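Notes follow once the structure below has been shown.
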Amino acid sequence: MEELKKHEHSEHQEIKKDKTIVDKIIDFVFSSDERKWLLLIFILGVVLRFLVANNISLLGDEAVHGPHTIGFLSSGLISTFAHSPLWLALTDFCFKFLEITIFSVRFLSFFYGSLSILLVFLITKKIFNKKAALLSAFLLSVSFFTIRYTLIEMDLSALFFLLFAAYSFILSMEDKKFPWLAAVCIGLAALIKTLSLFFVPAFIIAFFLFTKKEDNKTKKQHITKIVINVVLFGLIILAIFSPIIMHNYYWCQDQGMVDVYFAKYFKDFKNTTGFPQCLDLDKAQAAYGMQQGYETTFEHSRFLEGTITMSKATFDLDPILVILGLLGIFLTYSLKDKRKYWWFLILFNIFGFVFLILSDWLATHFTTMIPVFCIFGGIFLEKASNDISKKFSIESKTILAIAIILIMLFQLFLLWPHLTSTCAMTQMRGYAIDHMDKNSIVITDARIYTGRVALLFSDFHYLDASLFSSLMEANQDSTNQVQVKLYYLECASDDCGWGTMGNNPGLNESMEQFTSNFAQTPVMKTIFGGGGYDEATGKPYFRVYQTIINLNPELIPLVDSTHNWWYYPVNYKPKSQIFDNYAVKPGFDSLTYQLMKLIIWASIVAAIILAFAPIYYLIKERN
């Protein structure tokens, strides 16, 4: 009998060894493993985010931030006057593998936004159960709010690391270990977007929520231990965030300037001693005074107005998730064994919401609220389906299937305009890559927003149409002329991103006159609007004309010298024109500057590696 058992066991082992990948996939599909459903949910979220990132027409800020990612790694900067360095560096790093397209500039939002679905699953599963976790992941995968903002923005990338910080914090505290990984994730989030620091107080309070008093410790010793851990936690975050601090220090020492965040929050401390003392407030006012939100630090007087305004905006963008989330919040509070998780997630949302209301009412910043609503919303759906099932003798699976279908149909209805057509910028950039000669001259209609031009033609010799006559005058008496291909990009819709052309009839008229010069020139390509935002779908948005001119090639550097956009030269060349270009003093400053560059590169590596950590945790939990 023993021999027979050994033989059967041996045969079973051989069968396992001989299983092909197809066999393993079939086993996985027909198993009870919840990860197969998570995989489908994840794929759904990835597809929706890809379509939106590729299709949706540009918001105004995208054309502000986007061009500044191109060439950042070679700029020598360790931060910029308005944006944290890690998002710029990671996006520029993506260009090493992806061509510069509208999608690739949005890639981080697509990539980290998709992976956040897995984190929501892991957090909800840890707090509640597998079914609720799958429902929470589904809610985030179809969230109109987060999908809508899969744009050239930092928020979704920072949100991934904030969620990862929350998950790893819970794991570490329950294992009675120091949450060093959570601190690293918050540091990375802050290095992507400075406003991520607003979420730190929730973690500080969570130390007190999750740290149990040991029997052999006095209350004083218990508090002391927590305080030490909080300080160490803060120091790790500070160390990762230090390139931004040191960027301001070097710039302040050399030119009396700091970035817009430091200027905004330190301008009220002009007479204090220490770091803010070197700030030249007049220079800062001249540089940043026109930027929205600079004049106010924390708008206490408008807190109620801001709360109402942004709560309404969040509800309008994702009404189902907000309702389900609020119901889940009330439900989960009644479960005493979940109370510490409840407080942690609520504090996570409240601190972010309050500080953002006091500082900035831009809707994209409030995407941080949606995953928490999804977590509580999934818990509510799971609990409600069970209760309804018991009361009306209907299977909970049937109830959930109906709810899922209805939710998905509603979310797809909201997303439909962004899924069914492609914006003109995506189409135009694709045409430029595939069909336009990069050794040519591109003349751009002045009605096209300057940031959009920089995104389209950062690797071309381009010139605003208003400067073309000056170029021709410089070329007029030149004898060293060669034939050069010239493209003219017309704004066929009369306003391509400015949003103010209706108030500027003179410019519109002058551009129409300029365009008339190409009346006999063939239209090589007409780009139609799409993307479901501010473009009329199916109507001409851009027209591309092509001709040949005689030009002195020595004038091409003159064309390139006009490539400046919002404080920086395009591609950060020449470096002398970089707004926050400063001289680093030799000695200690030079040494710390090199250390800051090392921290940024280490952060790039960490951000890439940690992106795959949710997959590791999913595999680890199953094993």
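Screening VAL482 with (1) surrounded by fewer than 18 Cβ atoms within 10 Å (Cβ to Cβ); (2) β-branched (Val, Ile, Thr); (3) out of contact with any Pro (no Cβ under 9 Å at 6 or more places or on another chain) gives one miss only, at (3). If you take the residues of region 211-234 that are touching a helix residue (DSSP H, G or I) at 6+ places or on another chain (Cβ under 7 Å) and modelled with pLDDT of 95 or more, which of them is surrounded by the most Cβ atoms within 10 Å (Cβ to Cβ)? Checked region 211-234; the qualifying residue surrounded by the most Cβ atoms within 10 Å (Cβ to Cβ) is PHE233.
Of all the residues that make up region 545-559, how many are aliphatic (A, V, I, L, M), surrounded by fewer than 18 Cβ atoms within 10 Å (Cβ to Cβ) and in contact with a strand residue (DSSP E or B) (Cβ under 6 Å, 6 or more places away or on another chain)?
Taking region 545-559 and keeping what is aliphatic (A, V, I, L, M), we get 548-549, 551, 555-556, 558-559.
Adding the requirement that they be surrounded by fewer than 18 Cβ atoms within 10 Å (Cβ to Cβ) leaves 548-549, 556, 558.
Filter again for in contact with a strand residue (DSSP E or B) (Cβ under 6 Å, 6 or more places away or on another chain), leaving 548-549, 556.
Counting residues in region 545-559 that are aliphatic (A, V, I, L, M), surrounded by fewer than 18 Cβ atoms within 10 Å (Cβ to Cβ) and in contact with a strand residue (DSSP E or B) (Cβ under 6 Å, 6 or more places away or on another chain) gives 3.
The helices (runs of 4 or more DSSP H) found wholly in region 30-134 and carrying at least 3 residues that are more than 30 Å from TYR341 (Cβ to Cβ) and either touching a residue at least 40 places away in the same chain (Cβ under 8 Å) or in the same structural domain as MET428 (by TED's automatic domain parsing) (or both) occupy 35-55, 62-65, 85-94, 102-105. Condition test on SER516, is it small (Gly, Ala, Ser), in the same structural domain as ILE556 (by TED's automatic domain parsing) and farther than 30 Å from TRP416 by Cβ? Considered against the rule, which asks whether it is small (Gly, Ala, Ser), in the same structural domain as ILE556 (by TED's automatic domain parsing) and farther than 30 Å from TRP416 by Cβ, SER516 comes out as yes.
Does region 156-178 include one or more residues that are under 13 Å from the mean Cα position of the chain (by Cα), assigned by TED's automatic domain parsing to the domain that holds LYS340 and of a type in the set (Val, Ile, Thr)? Before the answer, list the steps.
To start, the set of residues in region 156-178 that are under 13 Å from the mean Cα position of the chain (by Cα) comprises 156-162.
Narrowing further to those that are assigned by TED's automatic domain parsing to the domain that holds LYS340: 156-162.
Still in the list and also of a type in the set (Val, Ile, Thr): none.
No, there is no match, as no residue in region 156-178 is under 13 Å from the mean Cα position of the chain (by Cα), assigned by TED's automatic domain parsing to the domain that holds LYS340 and of a type in the set (Val, Ile, Thr).
I'm checking my understanding of the structure. Among residues of region 411-443 that are hydroxyl-bearing (Ser, Thr, Tyr) and more than 17 Å from LEU555 (Cβ to Cβ), which one is surrounded by the fewest Cβ atoms within 10 Å (Cβ to Cβ)? So, considering only residues that are hydroxyl-bearing (Ser, Thr, Tyr) and more than 17 Å from LEU555 (Cβ to Cβ), the one surrounded by the fewest Cβ atoms within 10 Å (Cβ to Cβ) is THR420. Among the criteria (1) under 17 Å from ILE100 (Cβ atoms); (2) within 25 Å of the chain's Cα centre (by Cα), the one LEU415 does not fulfil is (1).
Sub-7 Å Cβ pairs linking a first residue in region 193-218 that is within 30 Å of PHE81 (Cα to Cα) and outside any helix (DSSP H, G or I) to a second residue that is among the polar types (S, T, N, Q) and at pLDDT below 95, at least 6 apart or interchain, are LYS193/SER84, ordered by first then second residue. Taking region 362-476 as the region of interest, the helices (runs of 4 or more DSSP H) fully inside it that hold 3 or more residues being more than 30 Å from LEU321 (Cβ to Cβ), in contact (Cβ under 8 Å) with a residue 24 or more places away in the chain and not aromatic (Phe, Trp, Tyr) are 424-435, 450-457, 468-476. Of everything listed in (1) at pLDDT below 95; (2) surrounded by 18 or more Cβ atoms within 10 Å (Cβ to Cβ), the single unmet condition for CYS491 is (1). Select from region 319-347 the residues that are among the hydrophobic types (A, V, I, L, M, F, W, C), in a helix (DSSP H, G or I) and over 27 Å from the mean Cα position of the chain (by Cα) and write down the one among them that is surrounded by the fewest Cβ atoms within 10 Å (Cβ to Cβ). Taking the candidates together, the pick is PHE330.
Every residue, every condition in (1) surrounded by fewer than 21 Cβ atoms within 10 Å (Cβ to Cβ); (2) under 17 Å from ALA239 (Cα atoms), yes or no:
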site: ASP155; (1), (2): no, no
site: ALA165; (1), (2): no, yes
site: TRP180; (1), (2): yes, yes
site: CYS185; (1), (2): no, yes
site: LEU191; (1), (2): no, yes
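Quick one: PHE298 ticks every box in (1) modelled with pLDDT under 85; (2) out of contact with any Leu (no Cβ under 6 Å at 6 or more places or on another chain); (3) farther than 20 Å from PHE81 by Cβ except a single one, so which number is it? The single condition PHE298 does not satisfy is (2). Considering region 247-266, and only residues there that are part of a helix (DSSP H, G or I) and within 24 Å of the chain's Cα centre (by Cα), the residue that is surrounded by the fewest Cβ atoms within 10 Å (Cβ to Cβ) turns out to be TYR265.
Taken as a whole, the condition of being surrounded by fewer than 24 Cβ atoms within 10 Å (Cβ to Cβ) and assigned by TED's automatic domain parsing to the domain that holds PHE348 does not apply to SER141.
Please find, among ILE152, ILE147, ILE100, ILE127, the residue that is modelled with pLDDT under 95 and in contact with a helix residue (DSSP H, G or I) (Cβ under 9 Å, 6 or more places away or on another chain). Result of the check over ILE152, ILE147, ILE100, ILE127: ILE127.
If only residues of region 86-138 that are under 16 Å from LEU324 (Cβ atoms) and in contact with a Cys (Cβ under 6 Å, 6 or more places away or on another chain) are counted, the one that is surrounded by the fewest Cβ atoms within 10 Å (Cβ to Cβ) is VAL120. Evaluated against (1) within 30 Å of ASP560 (Cα to Cα); (2) of a type in the set (A, V, I, L, M, F, W, C); (3) surrounded by fewer than 18 Cβ atoms within 10 Å (Cβ to Cβ), ILE402 falls short on exactly one condition, (1). Set side by side, the residues GLN520, GLN513 differ, and just one is free of Cβ contacts under 8 Å to residues at least 12 places away in the same chain, assigned to a loop (DSSP other than H, G, I, E, B) and at negative phi, which is GLN520. Among residues of region 28-56 being at pLDDT 95 or above and among the polar types (S, T, N, Q), the one that is nearest to GLY531 (Cα to Cα) is ASN55. Just one of (1) at positive phi; (2) out of contact with any helix residue (DSSP H, G or I) (no Cβ under 8 Å at 6 or more places or on another chain) fails for GLY497. It is (2).
The values are calculated or read from the model by the stated rules, or taken from the named source; none is laboratory data. All figures in this text were calculated on a predicted structure; none of them were measured in a lab. All Cβ positions, glycine included, derive from the backbone under ideal geometry; neighbour counts span all protein chains shown.
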